[in-house]
Amino acid sequence: MSKLLLLQGATVHTCGPQGTLAGSVLVDGSRIRAVDKRLEAPAGAKVIDLKGMVVTPGFIDAHSHLGTALFGEGDSSDTSAPATPQLQIMDSFDSADLSIGDAVAGGVTTVMLHPGSPLSFGPRVENINVIPGQSAVIKTALDVGKPQVLREPAGVKFALGEHPKRVFADQGSGPHTRMMIMAIIREHLLEARRLLQEGAESGEEPDGAKMFKYGALVRLLDGSLKAHIHAYTARDIRAALNLALEFELSLVVEHAIEASEFAAELADRKIPCVVGPILFSRRGSELRNLSLTIPAELAEAGVKIALMTDHPTYPAHQLPLIAGVAVREGLPYEEALLAITRHPAEIIGVDDQLGSLEAGKDADLVIHSGDPLEVTGRVCGVMCNGEWEFDYHPEGIRYDWQTGREQI
């Protein structure tokens, strides 16, 4: 039998075609059945009155190292070689990371996990090579310690600029320059192109060992995966834009600190940016132009943006706080909500399931005591796949949505 639940009387930010409304959400098992201003409770449905509360889609962090960078150990990056496109981030995932539960409690129900550069606190920070490997999209609610994997691989991570230069200079090997970084990327993409053409001409599967190493890059070239390129500075963003033209890549610019310089081109070419983390210090040369206004500048130019925490650089559960600061600095409120819901879902390729409250989509939603982007607001309940994964319980008492009602 279906498990029916009607959430009524709330302010509902659908982040979809219906916009924001005072209304109701009907959940049927793991999916949303309906969203409207007024819905009648079907027979057998449990009804929860959310008068004075706010409902949003589950938040989505489009750039994270959650579960792969525990306690400063940093298992999400391997710098034993300059390029490792065969690495799969889920091989480093550890459900023991307590930050996963923190993310759920903050309303972050989905993340894109990238191999790359988790923050550490020793003498060496942000180890990352030129092609760190393959990314994945997961839900943060664990089932017997296992995440629900939505896409794997979900893209290929690349890194330009100072980070790979520093790492390999310290090791006494290359690359030492941006020229060599680009040469390494081209060599690997050209080999992937050769394998793609060879398979098309012969009609046979290419060599298995070579496809293991280059298969994800082949999928970049045939358009089934996106290239997520870590680029902070204007010159590295320009290099990424040129590379995308050269190899006809579907590009996502990651970090994008100086992307405003290319805002018109990014908008025209429909290249999205995953921006940030903006709540950070200018701790290196690539962050000298870090500004809280970057999201507003890009959005005003028509660039599709998502906001990131880059967890553990910034804690995953603080994603809505980052969005709130972006609003303060000029990003329109609805755009800020979209930047942590629908836009990241579209960028990482899960918008058919997530990112907005619409009939047929996964029942991933968050109930807030007030404005979801205000620090004074509290996440009171988090649902993932129609199951309650978190409810606020002050002083050990489970949160009851309205005094006298059955507790969730």
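The values are calculated or read from the model by the stated rules, or taken from the named source; none is laboratory data. What you see is a predicted model; the values in this text were computed from it and never measured. Note that we place each Cβ from the backbone using ideal geometry, even for glycine, and neighbour counts take in every protein chain shown.
Residue by residue, here is whether (1) touching a helix residue (DSSP H, G or I) at 6+ places or on another chain (Cβ under 7 Å); (2) among the basic types (Lys, Arg); (3) closer than 22 Å to Leu354 by Cα holds:
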{"site": "Lys37", "(1), (2), (3)": "no, yes, yes"}
{"site": "Pro42", "(1), (2), (3)": "no, no, no"}
{"site": "Leu66", "(1), (2), (3)": "yes, no, yes"}
{"site": "Leu87", "(1), (2), (3)": "no, no, no"}
{"site": "Ile100", "(1), (2), (3)": "no, no, yes"}
{"site": "Ala105", "(1), (2), (3)": "yes, no, yes"}
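Quick one: is Phe158 of a type in the set (A, V, I, L, M, F, W, C), crowded, with 18+ Cβ neighbours inside 10 Å and at pLDDT below 95?
no
Out of curiosity, is His65 farther than 30 Å from Gly145 by Cβ and in contact with a Pro (Cβ under 9 Å, 6 or more places away or on another chain)?
no
Filter segment 183-240 for residues that are without any contact (Cβ under 8 Å) to a residue 24 or more places away in the chain and polar (S, T, N, Q); which is farthest from Lys157 (Cα to Cα)?
Checking each candidate, the answer is Ser202.
Okay, residues lined up against (1) outside any strand (DSSP E or B); (2) at pLDDT 95 or above; (3) surrounded by fewer than 22 Cβ atoms within 10 Å (Cβ to Cβ):
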| residue | (1), (2), (3) |
| --- | --- |
| Leu7 | no, yes, no |
| Val25 | no, yes, no |
| Ala34 | no, yes, yes |
| Val47 | no, no, yes |
| Lys51 | yes, no, yes |
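Does segment 99-111 contain at least one residue that is over 21 Å from Cys380 (Cβ atoms) and not charged (D, E, K, R)?
Yes: one or more hits.
With the requirement that a residue be crowded, with 22+ Cβ neighbours inside 10 Å and farther than 15 Å from His343 by Cα, what does segment 292-308 give you?
Ile294, the sole residue that qualifies.
Does Leu243 fit the bill of being of a type outside the set (Phe, Trp, Tyr) and in contact (Cβ under 8 Å) with a residue 60 or more places away in the chain?
Judged against the criteria, Leu243 is a match.
Of the residues that sit in segment 21-46 and are among the aliphatic types (A, V, I, L, M) and over 19 Å from Gly360 (Cβ atoms), which one is nearest to the chain's Cα centre (by Cα)?
Looking at residues that are among the aliphatic types (A, V, I, L, M) and over 19 Å from Gly360 (Cβ atoms), I get Ala22.
Return the residues of segment 33-51 that are touching a residue at least 40 places away in the same chain (Cβ under 8 Å), within 16 Å of Leu21 (Cα to Cα) and not charged (D, E, K, R); say none if nothing qualifies.
Those that are touching a residue at least 40 places away in the same chain (Cβ under 8 Å), within 16 Å of Leu21 (Cα to Cα) and not charged (D, E, K, R): Ala34, Val35, Leu50.
Restricting to segment 9-23, count the residues that are surrounded by 22 or more Cβ atoms within 10 Å (Cβ to Cβ) and small (Gly, Ala, Ser).
1
Can you tell which of Ala103, Ala141, Ala62, Ala136 is modelled with pLDDT of 95 or more and part of a helix (DSSP H, G or I)?
Going through Ala103, Ala141, Ala62, Ala136 in turn, just one is modelled with pLDDT of 95 or more and part of a helix (DSSP H, G or I): Ala103.
Whether any residue in segment 73-91 is over 23 Å from Gln171 (Cβ atoms) and assigned to a strand (DSSP E or B) is what I want to check.
yes
So is Leu298 closer than 27 Å to Phe59 by Cβ, of a type outside the set (S, T, N, Q) and within 17 Å of the chain's Cα centre (by Cα) or not?
It is false that Leu298 is closer than 27 Å to Phe59 by Cβ, of a type outside the set (S, T, N, Q) and within 17 Å of the chain's Cα centre (by Cα).
For segment 344-363, which positions are within 24 Å of Ala299 (Cβ to Cβ), among the acidic types (Asp, Glu) and either crowded, with 24+ Cβ neighbours inside 10 Å or touching a strand residue (DSSP E or B) at 6+ places or on another chain (Cβ under 9 Å) (or both)?
Glu346, Glu358
If we keep just the residues of segment 1-20 that are under 21 Å from Glu387 (Cβ atoms) and small (Gly, Ala, Ser), which is farthest from the chain's Cα centre (by Cα)?
Checking each candidate, the answer is Ser2.
Report whether or not Thr341 is among the polar types (S, T, N, Q) and surrounded by fewer than 17 Cβ atoms within 10 Å (Cβ to Cβ).
No, not satisfied.
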